[in-house]
Amino acid sequence: MNKIQYLETIKAVDAKLYYLSYHQKRLEKTLGNANILLQDVLQPPASGFYRCRVVYDDTEYRVTYHRYEKKSIQTLKLVVDDEIEYSKKYYDRSKIDMLLEKKSFCDDILIVKNSLITDTSIANIALKYKNEWITPKKPLLEGTTRARLLEKGKIFEEDISVEDLDKFKQVALMNAMIDFDIIPNENIREIIC
């Protein structure tokens, strides 16, 4: 029987690891213990921008390093799936990959579950209302960057329905690699197709 495997993706620039404590906390929450100490197993290259990938389960792990190049995401296709479950960062992303096939001419997808906005295929999302950034209260995955920004009071949680989208001015994507990346277009209907 195959074990369920999980994934952590950690940003490393010139061997500096970013926000490692948030990744360690999520790993421990996922496993229910701390049999892997990320600070002891990560040794990123001395120079360059890397994505450190840790694939793990409750008994073993493997670490790989990949040069990072940011994807340009300017448009998001709304895709509905009321059954999707991704509360842990699973290594197996086949369900998300199947949804991604529906992106049409857009750069990525924005997943809707039970009429509420959740996440893109690779990032949590925040939407700007007046001068505040709002993130969905029920994301598919509680990302590390999202957790950090909520803790600092930079973003706030609310349920966001598809019908609410027109009241927002901007969209930002957030994950460990891109931090908080604002899509520059202020016309939400040009971003979300």
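Residue-wise test of (1) farther than 14 Å from GLN74 by Cα; (2) basic (Lys, Arg); (3) over 15 Å from the mean Cα position of the chain (by Cα); (4) not assigned by TED's automatic domain parsing to the domain that holds GLU151.
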| residue | (1), (2), (3), (4) |
| --- | --- |
| SER104 | no, no, yes, no |
| LEU110 | no, no, no, no |
| ASN114 | yes, no, yes, no |
| THR118 | yes, no, no, no |
| ILE125 | no, no, no, no |
| LEU140 | yes, no, no, no |
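Quick grid of which residues meet (1) assigned to a helix (DSSP H, G or I); (2) in contact with a Pro (Cβ under 7 Å, 6 or more places away or on another chain); (3) closer than 30 Å to LYS3 by Cβ:
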residue: ILE96; (1), (2), (3): yes, no, yes
residue: CYS106; (1), (2), (3): no, no, no
residue: ASP119; (1), (2), (3): no, yes, yes
residue: ILE122; (1), (2), (3): no, no, yes
residue: LEU140; (1), (2), (3): no, no, yes
residue: THR145; (1), (2), (3): yes, no, yes
residue: ASP181; (1), (2), (3): no, no, no
residue: GLU186; (1), (2), (3): no, no, no
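One residue alone among VAL79, VAL112 is touching a residue at least 40 places away in the same chain (Cβ under 8 Å), in a strand (DSSP E or B) and either touching a helix residue (DSSP H, G or I) at 6+ places or on another chain (Cβ under 8 Å) or of a type in the set (Phe, Trp, Tyr) (or both), and that residue is VAL112.
When residues of region 147-178 are filtered for being touching a residue at least 60 places away in the same chain (Cβ under 8 Å), under 18 Å from the mean Cα position of the chain (by Cα) and outside any loop (DSSP other than H, G, I, E, B), how many remain?
Residues meeting the conditions: 5.
The values are calculated or read from the model by the stated rules, or taken from the named source; none is laboratory data. Everything quoted here is computed from the prediction, not taken from an experiment. Neighbour counts run over all protein chains shown; Cβ positions are idealised from the backbone, glycine included.
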